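Down below is the structure, laid out as C-alpha cells.
The values are calculated or read from the model by the stated rules, or taken from the named source; none is laboratory data. Given the structure is predicted, the values throughout are model-derived calculations rather than measurements. In this analysis, Cβ positions are derived from the backbone assuming ideal geometry, glycine residues included, and neighbour counts consider all displayed protein chains.
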Amino acid sequence: MYSKQEQAIFSHKRYAVIEGATKSGKTVACLSWIIEQALRGKSGQMFWWVAPVYPQARIAFRRLKRGFDRSLYTANESELTVNLINGTTISFKSGEKPDNLYGEDVYAVVIDEATRLREESWHAIRSTMTATRGPIRIIGNVKGRKNWAYVLARKAESGERDWHYAKLTAYDASEAGVIDVDEISEARSMLPEHVFKELYLAEPSEDGGNPFGQQAIMNCISPMSNEPPTIFGIDLAKSVDWTVIIGLDANGYVCVFDRFQMAWEETVQRIRTLVGNNSAVIDSTGVGDPIVEKLQRDLPNVEGFKFSASSKQMLMEGLSLAIQTQAVRYPDNEIVNELSSFAFEYTKTGVRYSAPSGLHDDCVMALALAIQGINNVAGVGIW
C-alpha cells in the first residue's frame, strides 16, 4: 500500500470520502481497512461492504479471500460473508434494494462505487450506524455532479468536522508503481476528454456522465443540408426501438434523416431506396445480420457493424471526437435529444455507453455509424 493510498483511507475521522481513479488502489486499501475494523471488534459485531449490485460485491468478497490470511477466517460463498476468528463478521452486500439494508446494527461500512449506488441505499446504510456510531468509508470513481456522493465529497472537502476527503489519481498510482504511465497516456489518447478526466484524474464532469459535452452538442446544431449524401449510418430497430437512417454529405452535415418502425421487408425496401449506390454502415448485431446480408446482394457498398462492448466504445469515441471538434452537424430534432440524454457508466471492465432507462439511443448509434463510415471512405474526410 503506497503512502497517499494509506493516508486516504486510514483517517481517524468517522467519515471519509475517497474519489479515486480506476486502479488507483482504493478498493485494496478499503479491504485492509474493513479487516482492521473487524479485527478490533467484539464477537457478534457486524461489518459491511456495500456495492451497487451483487456481482460487484462478489468481486470484493473474492479479492478479500485471495489477499487475507486463510487461518484468520472462514467464508460463506452463498451468503458472501467472512467470519473472523474473533467472532466478528464482514458481510458483502448489494445496494439494489434499499429496504434490505435496514434493521441491522453495523459497526463499520465501506460503500463501494458510491456514485452508482442509489441514494436511498445511502440513507438506509447511515441508519444502521446510528446506535454504533461506527465509521464509514465512501469510495469510487466520480460520475458527474448530480449524485449524492458528489455532494458528500464536497462536504468532506470543505473541511467539515469529522469528515475526511482524499483524491487518488492514476498519476498517484503511477508514481507508486501501481500503474504504468504509458497506459495512462494511451487511455488519454483513446478516450473522450470527459471520460478520461473522470476515470483517470477523478475530476467530475460538468455534464453528469454525458460523453459528448452538452455545450459541444449544442455547438453542432445546423439546418439540414441540401447537398447529396456521401455516407449513411443505419441503426436497425430492436423490440420497441426505432430504425434510424442518417445520411451525411461530404462536409459532415446531416442531409438525410429518417426514423420509423416497420416490418422487416418494408425496412429493407426503404433502405434500398435511400442508400442506392452510396456507402452505408449498418448495425448487423443479432437480427441485423440477415438484414445486412440481404441488402448486400443488391447494394454494393453496404458494410455491417457488430456491436460489442469494445466496438461500441470505439464508435462512441469517434462520435465524441467529431462532436467536440464540430466535424459533424445535425438539425435540432430527435438527434439532439438523444445525444443530450446519452450517458457513460464505469464498470469493472471498462466504460459502458447507453441511453438512460426508458429512453432511446437509435439516433446516436446511427450518427456514430455514419461517422465510422466516413473514416472508411477514401476521399471523404471531415477529420
Which residue is surrounded by the most Cβ atoms within 10 Å (Cβ to Cβ), if the candidates are limited to segment 82-124 and must be farther than 17 Å from ASP162 by Cβ and β-branched (Val, Ile, Thr)? VAL110
Is it true that GLU157 is in the same structural domain as SER24 (by TED's automatic domain parsing), surrounded by fewer than 15 Cβ atoms within 10 Å (Cβ to Cβ) and out of contact with any Leu (no Cβ under 8 Å at 6 or more places or on another chain)? no
Hey, which of the strands (runs of 3 or more DSSP E) in segment 97-190, taking only ones fully inside, have at least 2 residues that are within 18 Å of the chain's Cα centre (by Cα)? 136-140
All but one of (1) at pLDDT below 85; (2) farther than 30 Å from GLU113 by Cβ; (3) aliphatic (A, V, I, L, M) hold for ALA322, so report the exception by its number. (1)
Limited to segment 5-27, what total is found for residues that are crowded, with 18+ Cβ neighbours inside 10 Å, part of a helix (DSSP H, G or I) and over 20 Å from the mean Cα position of the chain (by Cα)? 3
Complete set of residues in segment 74-96 that are among the hydroxyl-bearing types (Ser, Thr, Tyr) and either assigned to a strand (DSSP E or B) or in contact with a helix residue (DSSP H, G or I) (Cβ under 8 Å, 6 or more places away or on another chain) (or both): THR74, THR81, THR88, THR89, SER91, SER94
Against the condition in the same structural domain as PHE344 (by TED's automatic domain parsing), modelled with pLDDT of 95 or more and among the charged types (D, E, K, R), how does GLU227 come out, does it pass? yes
Exception for LEU201 within (1) surrounded by 19 or more Cβ atoms within 10 Å (Cβ to Cβ); (2) within 18 Å of the chain's Cα centre (by Cα) falls at (1)
Could you check how many residues of segment 213-229 are under 28 Å from ASN277 (Cβ atoms) and surrounded by fewer than 12 Cβ atoms within 10 Å (Cβ to Cβ)? 3
